[in-house]
Amino acid sequence: MLTLQQHIPVKTPTAGQPVITISHLNKSFGKNAVLKDFALTLNRGEHLVILGKSGSGKSVLIKCIIGLLQPDSGSIEVLGEEITTLEHDALDQVRAKVGFLFQSNALYDSMTVRQNLEFPLRRHWIQVTQLEVDHMVQEALEDVGLAHTIDMMPAELSGGMQKRIALARTLILRPEIILYDEPTAGLDPITGREIIDLIMQVRQKYGSSALIISHDMNCVRLTADKVIVLFEGRPYATGNYATLERSEDPGVKQFFQ
């Protein structure tokens, strides 16, 4: 068991170096080719947004990165480790440094907010005292402005509050990389903007890198340092928001109309 003060043995890049590198990635379900020779690089401290239509393979990509899906071929390096070849224990060590905010939030309905946030600490190999756990839970809830919900059940929370709690649970292990899967999906514009603001505050406070999957153009505009347009399973175009917004390419322009 490792304590919070002990470094998890994962190769950590320095500032500006890649934290995720994907090359020649392919994933099909039967005859449906979802990802075709896909490639990207996420650098330390960067926010990279994958923009694409619903069903274009964005969520499949993010699940391959975290090891929830096995690609058919290609390479996925996360913090210097080749995800596609890691055994279960080694994969879990990498996952401890990668936070995943699910589109559905994936909170446990039978657990209180406190228990939901404690869960990642219990399932990983990190050994902490109850006092440390209490402090970490409290700080994570304060980060998302919901300290008062600590003993509430998920069913007692609004959709926006559930998203915030899910983000707090993602932050509990202080991940170096955060994968956001449609972070504003299903939220009203005001609540969606609050989540966008939180995403930016998290980077400012923790210096984390982020891969953000979204088709919410407001989210893309406000969070992205770089955007990759995912079209027909491939990285169709890459650039910052302003550059892509001016593009006359029909495959890009369809997203900015």
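Table: residues versus (1) at pLDDT 90 or above; (2) farther than 26 Å from PRO18 by Cβ; (3) of a type in the set (Asp, Glu).
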residue: GLU194; (1), (2), (3): yes, yes, yes
residue: MET200; (1), (2), (3): yes, no, no
residue: ARG203; (1), (2), (3): yes, no, no
residue: SER209; (1), (2), (3): yes, no, no
residue: ILE228; (1), (2), (3): yes, no, no
residue: THR238; (1), (2), (3): yes, no, no
residue: ASP249; (1), (2), (3): yes, yes, yes
residue: LYS253; (1), (2), (3): yes, yes, no
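When residues of segment 133-162 are filtered for being assigned to a helix (DSSP H, G or I), touching a residue at least 12 places away in the same chain (Cβ under 8 Å) and more than 12 Å from VAL113 (Cα to Cα), how many remain?
The total comes to 5.
Just for segment 74-88: of the residues that are more than 14 Å from PRO18 (Cβ to Cβ) and of a type in the set (Ser, Thr, Tyr), which one is surrounded by the fewest Cβ atoms within 10 Å (Cβ to Cβ)?
The selected residue is THR85.
Within segment 57-86, track down each residue that is among the small types (Gly, Ala, Ser) and more than 24 Å from ALA237 (Cα to Cα).
GLY67, GLY80
Condition check ((1) more than 26 Å from SER28 (Cβ to Cβ); (2) in the same structural domain as GLY159 (by TED's automatic domain parsing); (3) under 13 Å from the mean Cα position of the chain (by Cα); (4) aliphatic (A, V, I, L, M)) across all residues:
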residue: ILE65; (1), (2), (3), (4): no, no, yes, yes
residue: LEU69; (1), (2), (3), (4): no, no, no, yes
residue: GLY74; (1), (2), (3), (4): no, no, no, no
residue: GLU77; (1), (2), (3), (4): no, no, no, no
residue: GLU82; (1), (2), (3), (4): no, no, no, no
residue: THR85; (1), (2), (3), (4): no, no, no, no
residue: HIS88; (1), (2), (3), (4): no, no, no, no
residue: LEU91; (1), (2), (3), (4): no, no, no, yes
residue: THR112; (1), (2), (3), (4): yes, yes, no, no
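With the checklist (1) among the aliphatic types (A, V, I, L, M); (2) over 24 Å from THR184 (Cα atoms); (3) surrounded by 15 or more Cβ atoms within 10 Å (Cβ to Cβ) in hand, flag the one item LEU101 doesn't pass.
(2)
Scan segment 64-105 for residues that are small (Gly, Ala, Ser) and in contact (Cβ under 8 Å) with a residue 12 or more places away in the chain and jot them down. Explain how you work it out, then say what you get.
First, the residues of segment 64-105 that are small (Gly, Ala, Ser): 67, 73-75, 80, 90, 96, 99, 104.
Across segment 64-105, the qualifying residues are GLY67, SER73, GLY74, SER75, GLY80, ALA96, GLY99.
Consider GLY186 carefully, then state whether it is in a loop (DSSP other than H, G, I, E, B), touching a residue at least 24 places away in the same chain (Cβ under 8 Å), among the small types (Gly, Ala, Ser) and assigned by TED's automatic domain parsing to the domain that holds SER28.
yes
Report whether or not SER54 is closer than 22 Å to THR238 by Cβ, in contact with a strand residue (DSSP E or B) (Cβ under 8 Å, 6 or more places away or on another chain) and not in a strand (DSSP E or B).
Against the criterion (closer than 22 Å to THR238 by Cβ, in contact with a strand residue (DSSP E or B) (Cβ under 8 Å, 6 or more places away or on another chain) and not in a strand (DSSP E or B)), SER54 does not qualify.
Report every pair of residues separated by at least 6 positions or lying on different chains whose Cβ atoms are under 8 Å apart, first residue within segment 230-250 and under 18 Å from ALA39 (Cα atoms), second aromatic (Phe, Trp, Tyr) and at pLDDT below 90.
Hits for this filter: ALA237/PHE231.
Please find, within segment 183-207, the residue that is farthest from ARG169 (Cα to Cα) out of those that are surrounded by 21 or more Cβ atoms within 10 Å (Cβ to Cβ) and of a type outside the set (A, V, I, L, M, F, W, C).
Taking the candidates together, the pick is THR184.
For segment 45-60, which positions are touching a His at 6+ places or on another chain (Cβ under 9 Å) and closer than 17 Å to PHE100 by Cα?
Passing the criteria: only LYS58.
The values are calculated or read from the model by the stated rules, or taken from the named source; none is laboratory data. It should be emphasised that the depicted structure is a prediction, and the values quoted were computed from it without experimental measurement. Backbone-built Cβ (ideal geometry, glycine too); neighbour counts: all protein chains shown.
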